Structures are given as structure tokens and as C-alpha cells.
Amino acid sequence: MVRTVDYETRRRAILSSAINRYIKEAKPVASEEIARDFDLSSATIRNIFSELEESGYLMHPHTSAGRIPTDKGYRYYVDFLLSQMELLDDEKEQIVKEYKKEIRRLEDALEETSEVISAITHYTGIVSLLNWQDKFFYRGISYILEQPEFKDFQRIRLLIELLEEKQQLLEIINRDFNGKVKVYIGKELGCQEMDSCSLVVSNFRVKNKPSGKLAVLGPVRMKYNHTIPALEYISDLLSETLEKF
């Protein structure tokens, strides 16, 4: 029984390590790279990679010997790490500095927040107010276009159209969910144009009432361990800011 637990723990650690490496480098992960991290043979890692692939957590691109995560792999990664994600104090200070402007109007607060989200996460920051069904603020589309996943012109065009047309994206962002944050990964969005994207959504409140949504739009290969706690923290700051209105 102990062997089984140890093996499962190791398998989870190897999956997390492979996903972390792919998020950072955007190229298929070879068994040799992971073997060095765990002091295991490449053959052992290849066997574990094969099991993870059979379970649907990794996939094997035809053009490479390495593996890349699937949506299911990212989902497991996010769910497993969610309780462990926390911002460092210096990251919190950076967010507070971004909120340095004195904001007098609601629209200015929402627009400033979309800029803060984008600046902190390096993805697209989106802010919507629930009673403004046809309007939202977004900044940082250029960050997505810099990602290697979005070098294809057709994919770029569809994504920009989605942001400009607004309604379909707003319907996704404004979905009800339990908890403080919701992560949609790839096909979970239910929108073919966004299959290569992930969307992290958080609520913000005024006087303890749901008032709107903050969101981060980025590639499926997103830095979830930074993006999720950053969005939660910004959500709290915006709620505090809106108490003044």
C-alpha cells in the first residue's frame, strides 16, 4: 500500500514538473529533462510519461519526441495546486503600486483595473459590470499575440473578433459559479474560437453584493500559479476601491 501511495505521489510530481516546464518554455518536454530533476533514468520517465498519456494528461505531438499537456492535464494541475497558490508580499506591493492613481469615477476604476490585471499577469485583463451587459473593459491583447500559440493569423483574427463583438465572451465571463475564482481551460469554454485559451474569472463586490467580474484571458499554457492568486488579490482591492463610490 505504501508503494502505491509513493508511486502516485511521484507520478503527480512528474506531471506537475512537465507542465511547469512546458508553461515556461513552450516546447515539448523530453524525458531526459525531467529525469535530471528527479534523479531517475530516462527510461523510467518515459514509462511514466506513457502512463500519463494513456490517462489523458499528456499528449505526444507527431513532430517531437517530447510530451505536452492536454486540457485534462492542465485541469488536474490547476485543481491540485489551487489551494497552494499564494502571492508573495512583493507581488502584492507591485499590485498596490499599480493602483496608485486617485480614482473618482466608476468607469475609471474599471478601466484602471483592466490595465492592472494585464500589467501584473502579462495576459489580457477584462473587467465587466453585471448591469452593463453590452460593455466591458479590456487591456493587453498584445500579450496574447506574443505567445507562440497565436502566431497563426486565423487564430488571431478569431480572437480579436471575439473581443470586439463582446457578447459571446461576456456570456462566458458572467456565468455563475461557486467560490471566489473559476478557471476555464481550452474546450471547457465551450467556444471553438477559444480552444487554445484559458480564462480565469473572479467576482468583485460592492457592499457585499455581486457587482461584476474580473477575468484574465491567456493561452492554455498560462502561468496559473501566479495568475489565479493575482486575480483574487486584485478583486479584493477593486472591491475596497468601489466602496468609495
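The values are calculated or read from the model by the stated rules, or taken from the named source; none is laboratory data. Here the structure is a predicted model, which is why all the values come from computation and not from measurement. Cβ atoms come from the backbone with ideal geometry, glycine included; neighbour counts cover every protein chain shown.
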Subject >> Test: residue in the range 56-69 that is buried (at least 16 other Cβ atoms within 10 Å of the Cβ), part of a helix (DSSP H, G or I) and either touching a residue at least 40 places away in the same chain (Cβ under 8 Å) or aromatic (Phe, Trp, Tyr) (or both) >> reply: no
Subject >> Sole residue being in contact with a Ser or Thr (Cβ under 9 Å, 6 or more places away or on another chain), surrounded by 15 or more Cβ atoms within 10 Å (Cβ to Cβ) and in a helix (DSSP H, G or I), chosen from Leu52, Leu81 >> reply: Leu81
**OP:** Take the range 19-32 and flag every residue that is surrounded by 16 or more Cβ atoms within 10 Å (Cβ to Cβ), outside any loop (DSSP other than H, G, I, E, B) and out of contact with any strand residue (DSSP E or B) (no Cβ under 6 Å at 6 or more places or on another chain).
**Re:** Asn20, Ile23, Ser31
Original post:
Hey, does the range 38-60 have a residue that's in the same structural domain as Arg11 (by TED's automatic domain parsing), at pLDDT below 95, closer than 19 Å to Ile185 by Cα and in contact with a Phe, Trp or Tyr (Cβ under 7 Å, 6 or more places away or on another chain)?
Top reply: no
Original post:
Right, Glu232: under 13 Å from the mean Cα position of the chain (by Cα), surrounded by 15 or more Cβ atoms within 10 Å (Cβ to Cβ) and within 28 Å of Phe80 (Cα to Cα) or not?
Top reply: yes
**OP:** Would you please name the residue that is modelled with the lowest pLDDT, looking only at residues in the range 106-154 that are over 17 Å from Leu237 (Cβ atoms) and among the basic types (Lys, Arg)?
**Re:** Lys151
**OP:** Within the range 189-207, identify whether any single residue is surrounded by fewer than 19 Cβ atoms within 10 Å (Cβ to Cβ), closer than 22 Å to Lys72 by Cα, within 11 Å of the chain's Cα centre (by Cα) and touching a residue at least 40 places away in the same chain (Cβ under 8 Å), and answer yes or no.
**Re:** no
Subject >> Answer residue from the range 67-83, given it is farther than 18 Å from Ile48 by Cα and not hydrophobic (A, V, I, L, M, F, W, C) and is modelled with the lowest pLDDT among those >> reply: Ser83
**OP:** May I ask you to verify whether Ser128 is without any contact (Cβ under 8 Å) to a residue 60 or more places away in the chain, within 26 Å of Glu188 (Cα to Cα), buried (at least 19 other Cβ atoms within 10 Å of the Cβ) and in contact with a Gly (Cβ under 8 Å, 6 or more places away or on another chain)?
**Re:** no
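Which residue, of Glu171, Glu164, Glu243, is in contact (Cβ under 8 Å) with a residue 24 or more places away in the chain and either surrounded by fewer than 19 Cβ atoms within 10 Å (Cβ to Cβ) or not acidic (Asp, Glu) (or both)? Spell out how you get there, then give the answer.
Values: Glu171 fails: in contact (Cβ under 8 Å) with a residue 24 or more places away in the chain; Glu164 fails: in contact (Cβ under 8 Å) with a residue 24 or more places away in the chain.
Going through Glu171, Glu164, Glu243 in turn, the sole match is Glu243.
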**OP:** Confirm whether Pro210 is assigned by TED's automatic domain parsing to the domain that holds Val116, modelled with pLDDT of 90 or more and surrounded by fewer than 23 Cβ atoms within 10 Å (Cβ to Cβ).
**Re:** no
Subject >> Matching residues, the range 35-49, being assigned to a loop (DSSP other than H, G, I, E, B) and surrounded by 14 or more Cβ atoms within 10 Å (Cβ to Cβ) >> reply: Leu40
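If we scan the range 188-198, do we find a residue that is within 20 Å of Leu87 (Cβ to Cβ), assigned by TED's automatic domain parsing to the domain that holds Trp132 and modelled with pLDDT of 85 or more?
yes
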